[in-house]
Amino acid sequence: MGTYLFSNYSKKPFEIMSAKGSYVVDNLGKKYLDLTSGIGVCNLGYRNPKLENALIEQSDLIWHMPNLYVSGIQEEVGQKLSYKQKYLAFFCNSGTEANEAAIKLVRKYTGKTEIITFNNSFHGRTYASMTATGQSLIHDGFGPLLEGFTYMTYNDPKSIEAITSDTAAVMLELVQGEGGVVPADYKWIQNLSKICKDNGVLLIIDEVQTGIGRTGLTFAFEQYDIEPDIYTVAKGLANGIPAGAMLGKKELGSAFTPGTHGSTFGGNKLAMAVASQVLDILENTSILDQVKEKSNFIFEELKNLDSAKISQIRGLGLMIGIELKKEFPVEKILSDLEGKGILALRAGQNTLRLLPPLTISQEELEEGLGSLKEVLE
Ligand SMILES: *Cc1c(COP(=O)(O)O)cnc(C)c1O
């Protein structure tokens with residue numbers, strides 16, 4: 001059978017047809033425990049009733065209106081995303097667009113062009129976000145890239161020395177996701193943030209994967225006791241309805257005057273209706289405390305694994321990386337897990353990545369860890 005699709009993704013031969021909670025079901029009726037949340041998107045589980053209701057209620061009213069009219073639902077989500085009410089929001093549809101907006105805001109506001117990012121980072125696939133991404137594999141064949149980007153070594157104290165008053169911004173993930181689940185060192189981030197402040201350099205935190213509760217707080221930057229100038233979110237924001245946002249300190253607002261930037265679909269009412277509920281659930285339930293407890297449980301269990309295949313275990317909250325020794329390719333482990341009805345991900349060179357739903361139950365966690373144990377020991 002031929003295909004009408006570009007082959008830019010390597011795809012599994014089966015199709016997921018339906019889902020509920022932490023489980024998905026394929027076209028042959030096989031059930032899988034999804035430890036990926038659809039790559040960090042469906043963080044509150046599949047078919048979450050509150051979210052489903054919000055979507056259905058909004059779809060009965062209106063789906064789309066352009067950004068030519070005031071939007072109460074955008075204001076609501078903007079306020080809920082605004083850390084300590086110090087930030088303004090720009091809404092878009094994806095992570096790469098949120099980062100694109102951040103880079104545009106920085107250049108427009110500062111009048112400077114130089115942006116520092118880090119090796120093995122991932123910020124997206126459009127030109128500015130792709131250029132910001134510090135991985136040559138993602139750049140190859142797509143040049144010329146944007147000018148003005150410099151890549152430094154993540155977690156390296158020396159890389160901070162590259163920051164000068166000529167730098168417009170420093171951009172980074174607090175846990176490099178695609179790059180292998182690599183958390184930033186607390187002290188390094190503290191120093192980096194201070195040097196940015198001292199030099200009038202804006203700090204952009206890419207929270208596309210770490211944000212919206214994934215690490216046990218709404219934003220990972222709260223774990224590092226910093227206040228970025230700009231942060232971006234997307235993946236988990238509307239639990240599977242496409243949505244992204246760039247949040248910038250209010251004083252940066254003067255750079256985005258009418259006509260400077262925009263998006264047809266950004267702030268779409270269906271997406272905003274769901275995002276508003278997602279943020280309510282994070283704020284008004286004990287889910288974030290549970291994320292911390294589940295995280296402690298998982299890392300404790302993983303530490304006790306008696307496996308010659310593991311070289312390092314890393315992560316934060318429910319963002320978990322198990323780096324495997326070279327002799328044990330992650331692809332094989334993933335297909336073994338798949339055989340046992342468990343979906344997981346790869347990251348970096350040879351790291352098994354788990355992004356379970358934040359709503360996963362204790363029994364489901366034990367099921368997942370049990371299979372992991374069988375495959376890794
Ligand atoms: C996934 C991801 C992106 C890109 O998001 P898209 O919605 O695929 O454009 C950017 N940054 C980080 C940290 C991500 O994990």
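Answer with yes or no whether D289 is modelled with pLDDT under 95 and either closer than 18 Å to T210 by Cα or open to solvent by 30 Å² or more (accessible area, probe 1.4 Å) (or both). Criteria not met by D289.
When D289 is tested against the conditions (1) under 23 Å from S37 (Cβ atoms); (2) within 14 Å of the ligand (Cβ to nearest atom), the lone failure is (2). Identify, by number, the condition in (1) in contact with a helix residue (DSSP H, G or I) (Cβ under 7 Å, 6 or more places away or on another chain); (2) free of Cβ contacts under 8 Å to residues at least 24 places away in the same chain; (3) away from the ligand (no atom under 12 Å from the Cβ) that A168 doesn't meet. Every listed condition holds for A168 apart from (2).
Output the number of residues of region 19-45 satisfying the condition of being away from the ligand (no atom under 16 Å from the Cβ) and either among the small types (G, A, S) or open to solvent by less than 40 Å² (accessible area, probe 1.4 Å) (or both).
Start the filter on region 19-45 by keeping residues that are away from the ligand (no atom under 16 Å from the Cβ), which leaves 19-35, 44-45.
Checking the rest, the ones that are also either among the small types (G, A, S) or open to solvent by less than 40 Å² (accessible area, probe 1.4 Å) (or both) come to 19, 21-22, 24, 26, 29, 32-35, 44-45.
Number satisfying all stated conditions: 12.
If I filter region 190-197 for residues that are without any contact (Cβ under 8 Å) to a residue 24 or more places away in the chain and over 22 Å from the mean Cα position of the chain (by Cα), do I get at least one hit? Yes, region 190-197 contains at least one residue that is without any contact (Cβ under 8 Å) to a residue 24 or more places away in the chain and over 22 Å from the mean Cα position of the chain (by Cα). Screening region 267-369 for strands (runs of 3 or more DSSP E) wholly inside it with 1 or more residues that are in contact with a Pro (Cβ under 7 Å, 6 or more places away or on another chain) and among the charged types (D, E, K, R) returns the ranges 310-316.
Check I160 against each of (1) closer than 24 Å to I39 by Cβ; (2) over 23 Å from the mean Cα position of the chain (by Cα) and name the one condition it does not meet. Evaluating I160 over (1) closer than 24 Å to I39 by Cβ; (2) over 23 Å from the mean Cα position of the chain (by Cα) leaves (1) as the failure. Suppose the filter is basic (K, R) and within 12 Å of the ligand (Cβ to nearest atom); does K250 pass it? It is false that K250 is basic (K, R) and within 12 Å of the ligand (Cβ to nearest atom).
Inside region 363-377, can you point out the residues that are in contact (Cβ under 8 Å) with a residue 12 or more places away in the chain and open to solvent by 20 Å² or more (accessible area, probe 1.4 Å)? Hits for region 363-377 are E364, E367, L369, K373, E374, E377.
Going by the structure shown, is L318 open to solvent by less than 30 Å² (accessible area, probe 1.4 Å) and more than 23 Å from T218 (Cα to Cα)?
Details: open to solvent by less than 30 Å² (accessible area, probe 1.4 Å): yes; more than 23 Å from T218 (Cα to Cα): no.
The answer is no for L318.
With respect to the conditions (1) crowded, with 18+ Cβ neighbours inside 10 Å; (2) in contact (Cβ under 8 Å) with a residue 60 or more places away in the chain; (3) in contact with an Asp or Glu (Cβ under 7 Å, 6 or more places away or on another chain), N350 lacks only one, and its number is (2).
Restricting attention to region 98-114, the residues that are open to solvent by 60 Å² or more (accessible area, probe 1.4 Å) and in a helix (DSSP H, G or I) total 4. In region 46-94, of all residues being touching a residue at least 24 places away in the same chain (Cβ under 8 Å) and β-branched (V, I, T), the one that is most open to solvent (accessible area, probe 1.4 Å) corresponds to I62. For region 115-136, taking the residues that are more than 11 Å from the ligand (Cβ to nearest atom) and in a helix (DSSP H, G or I), the one that is surrounded by the most Cβ atoms within 10 Å (Cβ to Cβ) is identified as T131.
Any chance region 67-90 includes a residue that's in a helix (DSSP H, G or I), within 16 Å of the ligand (Cβ to nearest atom) and touching a Ser or Thr at 6+ places or on another chain (Cβ under 6 Å)? No - not one qualifying residue is present in region 67-90. If only residues of region 160-179 that are small (G, A, S) and part of a loop (DSSP other than H, G, I, E, B) are counted, the one that is nearest to T131 (Cα to Cα) is G179.
The values are calculated or read from the model by the stated rules, or taken from the named source; none is laboratory data. It should be emphasised that the depicted structure is a prediction, and the values quoted were computed from it without experimental measurement. All Cβ positions, glycine included, derive from the backbone under ideal geometry; neighbour counts span all protein chains shown. When the accessible area is computed, the model is the full protein with side chains, heavy atoms only, and any ligands, DNA or RNA have been set aside. Shrake-Rupley method; radii C 1.70, N 1.55, O 1.52, S 1.80 Å.
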